[in-house]
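Visitor: Pasting in a structure now, in structure tokens, and then I'll have a few things to ask.
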Amino acid sequence: MAQSELRIGELAARTGVSIDTVRFYERKRLLPRAPRTGGGFRLFGAETIERIRFIKQAQDIGLSLDEIGQLLRTGGGANECRSVRDLLSAKLAELDERMRRMRDFRRTLVNHLATCEKELKSHGQTAECPVLVDIAHFDRSKKPAGKSKEKRK
């Protein structure tokens, strides 16, 4: 075994993924098929470490394994570069939208926290959580009026 060749356990340990994850990536063709020793052990080249790290980073920014596979299969030509650009542009737009929704939700949480603090300050032990009251009121207002509970089958 050459010094640059790694068995699956060594590769998993150096990249922080499980052995099952390495096998899964290989099955999904995110990693090239590793040659095997006479004893049946997979041998991975050192470059596989960087490939797995790329896969994990791409997942962290929200790319699916199929999208990552598309990126890894590109040859670097102009058409592939356009395809990568389009994919990354779409992911950035998706990320921007998620961040906008998170900022909106953060504002909602800040408002709820302020409302809770105000209620606790003014009513102490007898405080009723205004957030839960609002949520319960909202849930009741969504139910259609005049309808009875569904019959159970």
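The values are calculated or read from the model by the stated rules, or taken from the named source; none is laboratory data. It should be emphasised that the depicted structure is a prediction, and the values quoted were computed from it without experimental measurement. Quick reminder, even Gly has a Cβ in these numbers, built from the backbone with ideal geometry, and neighbours come from all protein chains shown.
Visitor: Give me the pairs: first residue in segment 100-122 and within 18 Å of ASP134 (Cα to Cα) and without any contact (Cβ under 8 Å) to a residue 24 or more places away in the chain, second residue outside any helix (DSSP H, G or I) and not basic (Lys, Arg), beta-carbon distance under 6 Å, and six or more apart or on different chains, which are they?
Guide: As it stands, the answer is GLU119/ALA127; LEU120/ALA127, since those pairs meet every condition given.
Visitor: To continue, here is another question. I'd like the full set of residues that are in contact with a helix residue (DSSP H, G or I) (Cβ under 7 Å, 6 or more places away or on another chain) and in contact (Cβ under 8 Å) with a residue 40 or more places away in the chain, limited to segment 65-99.
Guide: Scanning segment 65-99 gives no hits.
Visitor: Taking segment 12-32 as the region of interest, how many residues are among the aliphatic types (A, V, I, L, M) and not in a helix (DSSP H, G or I)?
Guide: 3
Visitor: Moving on. Need the failing condition index for PHE54 against (1) modelled with pLDDT under 90; (2) under 30 Å from LEU31 (Cα atoms), just the number.
Guide: Just one mismatch for PHE54, condition (1).
Visitor: Let me ask something else. If we keep just the residues of segment 66-83 that are among the hydrophobic types (A, V, I, L, M, F, W, C) and exposed (fewer than 14 other Cβ atoms within 10 Å of the Cβ), which is farthest from ILE8 (Cα to Cα)?
Guide: ALA78
Visitor: Scan segment 26-49 and report the pairs whose first residue is within 19 Å of ALA13 (Cβ to Cβ) and whose second residue is assigned to a strand (DSSP E or B), with Cβ atoms within less than 6 Å and a gap of 6+ or a chain change.
Guide: Within 6 Å, the pairs are ALA34/ARG42; ALA34/PHE44; ARG42/ARG36; LEU43/GLU5; PHE44/LEU6.
Visitor: Moving on. Quickly run through segment 1-18 and pick out the residues that are surrounded by fewer than 17 Cβ atoms within 10 Å (Cβ to Cβ) and either in contact with a Pro (Cβ under 9 Å, 6 or more places away or on another chain) or of a type in the set (D, E, K, R) (or both).
Guide: ARG7, GLU10, ARG14
Visitor: Does segment 19-36 hold any residues that are surrounded by 12 or more Cβ atoms within 10 Å (Cβ to Cβ), more than 16 Å from LEU72 (Cα to Cα) and not hydrophobic (A, V, I, L, M, F, W, C), and which are they?
Guide: THR21, ARG23
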